[in-house]
Structures are given as C-alpha cells and as structure tokens.
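To keep things clear, I will list the structure first and then write my remarks on it.
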Amino acid sequence: MSEVIIIITAGDGPKECQWVVVNIATAYCRAAVRAGLTADILWEGAEQISAPSCLVKISGSSVDAFIRSRVGTIRWIGQSPLRRHHKRKNWYVSVSRAPDIADVPDLREQDITYQTLKASGPGGQHVNKTESAVGATHQPSGLTVVSQAERSQFANKKITRLKLAVLLQDQRSTAESDRQGKIWTTHKSLERGNEVRIYEGSKFRLKRV
C-alpha cells in the first residue's frame, strides 16, 4: 500500500483562505474514501474551523493517480463566511506533495530534540492516556512542532520530522526569493488563473476539473 502526504496552504491569503484550507482538506478526504482510499487530516490538536495550512495523509493502492489531478492551485467560489458584505468571490489555496525529508539538507537527525507528551483531546474516550504525542525542536533554527494525530510515538515522530522539513524548506525558499527579488515563493503565494480544480458554494461542490 502506498502513502502520500500532501500540504494544503493558504499562503499569504486572508482568513477566508484559511477557512478554505480546512474545507478542501475535508473534501479531499471524502473523495479519497469514495475512491477506496483512506485519508486523515493530521491536526496538531482538535479539529479546526480554519488553518493557515495542514497536512493530509492519503493511503491506498491508487493514491498516486488520485493525487496527480489534485496537486496545484485550487479556487473556491463563494461569499466570504467571515465578512458578510465582502465583494470578493474567488479564494485560492495551494496543494502540493510534502517534501522528501532526504531533500532537505538542513534537517539532520542529530539536530532534533524530541519530547514525548500526552495527547490532548475533547475528553472521554477520545483522549489518549499514554504519552504518544511527540514534540520536536530543530536546535539550529529554534523551530518547534508537535504531532499527536497518530496513535504511536514512532508515527508521530515521523510526522514531526516531516513538519520540520516543510518549515525549513519554506524558510529556504523565502530566503532565496528575497535574494533574487521575487515577489512569491512556493508556499507564500499562489498562482491565479491556472487552477487544477474549482469548487463553489458552502458545500464545496466540484465545478470544474
């Protein structure tokens, strides 16, 4: 069985785009299940209404074909759920594969400090009583992340390394962008007018592929 982790990000978009991030993640998970795959949003804590970015893990024998048509710029058409009289109707988020940790030279295992934590939750049976959550700090940069989405320390440790890789890659892209005088980088700006998918309305109905 293959496994792919994707990043859905609002870039520098407003709060509405962060709301779209969560809804696109949910829409992708529903579509994955319909395609016979398994999908999980890797939240750091409880489920959220909006988020600047999130990771989604999708697994199954046909995951590569499923992801291929869903990576790129996504446009959502609809009235702002946060500003009732806002005139803007088009909101953009970006979907990309998570980087291969081996491709992020700044991330070395000896530079990471791990800490085990008790996973938090809404209460009752959903709270993990064991210390399966993992926090990770990249000492050279000071970046810190937490993962408690998985049920084992081993799996959560893997996710923290991935999150650090994403952050370090983003930092490097931003620094390179500044040096070259560009006005956008991979995760900080989105390409308008070249969408791979368009959704519309509060139910996120797929309008165009």
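Rundown of residues vs (1) within 17 Å of the chain's Cα centre (by Cα); (2) surrounded by 16 or more Cβ atoms within 10 Å (Cβ to Cβ); (3) modelled with pLDDT of 85 or more, yes/no style:
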residue	(1), (2), (3)
Asn156	yes, yes, yes
Leu162	yes, yes, yes
Gly181	no, no, no
Glu195	no, yes, yes
Ser202	no, no, yes
Val209	no, no, no
Selection within the stretch 138-154 - part of a helix (DSSP H, G or I) and surrounded by 17 or more Cβ atoms within 10 Å (Cβ to Cβ) = Gln153
ask   = Taking the stretch 11-37, which residues are closer than 18 Å to Gly78 by Cβ and at pLDDT below 90?
value = Gly13
remark   = Scanning the stretch 87-108 residue by residue, those in contact with a helix residue (DSSP H, G or I) (Cβ under 8 Å, 6 or more places away or on another chain) and more than 27 Å from Cys29 (Cβ to Cβ) turn out to be Asp106, Leu107
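Of all residues in the stretch 12-51, how many are in a loop (DSSP other than H, G, I, E, B), in contact with a helix residue (DSSP H, G or I) (Cβ under 7 Å, 6 or more places away or on another chain) and surrounded by 15 or more Cβ atoms within 10 Å (Cβ to Cβ)?
So in the stretch 12-51, the residues in a loop (DSSP other than H, G, I, E, B) come out as 12-14, 35-37, 42-51.
If we keep only those that are in contact with a helix residue (DSSP H, G or I) (Cβ under 7 Å, 6 or more places away or on another chain) too, we end up with 35, 37, 42, 48-51.
Adding the requirement that they be surrounded by 15 or more Cβ atoms within 10 Å (Cβ to Cβ) leaves 37, 42, 48, 50-51.
Total meeting the criteria: 5.
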query = Quick check: is even one residue across the stretch 38-45 out of contact with any Cys (no Cβ under 7 Å at 6 or more places or on another chain) and at pLDDT 95 or above?
reply = yes
remark   = Selection over the stretch 54-65 where residues are touching a residue at least 12 places away in the same chain (Cβ under 8 Å) and surrounded by fewer than 19 Cβ atoms within 10 Å (Cβ to Cβ) yields a count of 4
request  = Pairs only if they're at least six apart or on different chains, beta carbon under 6 angstrom, first in the stretch 148-159 and in the same structural domain as Glu131 (by TED's automatic domain parsing), second assigned to a helix (DSSP H, G or I); list them, first residue then second.
outcome  = Glu150/Asn156
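The values are calculated or read from the model by the stated rules, or taken from the named source; none is laboratory data. This structure is a prediction, so every number in the text was calculated from the model and none was measured. Here Cβ is always computed from backbone atoms with ideal geometry, including for glycine, and neighbour counts include all displayed protein chains.
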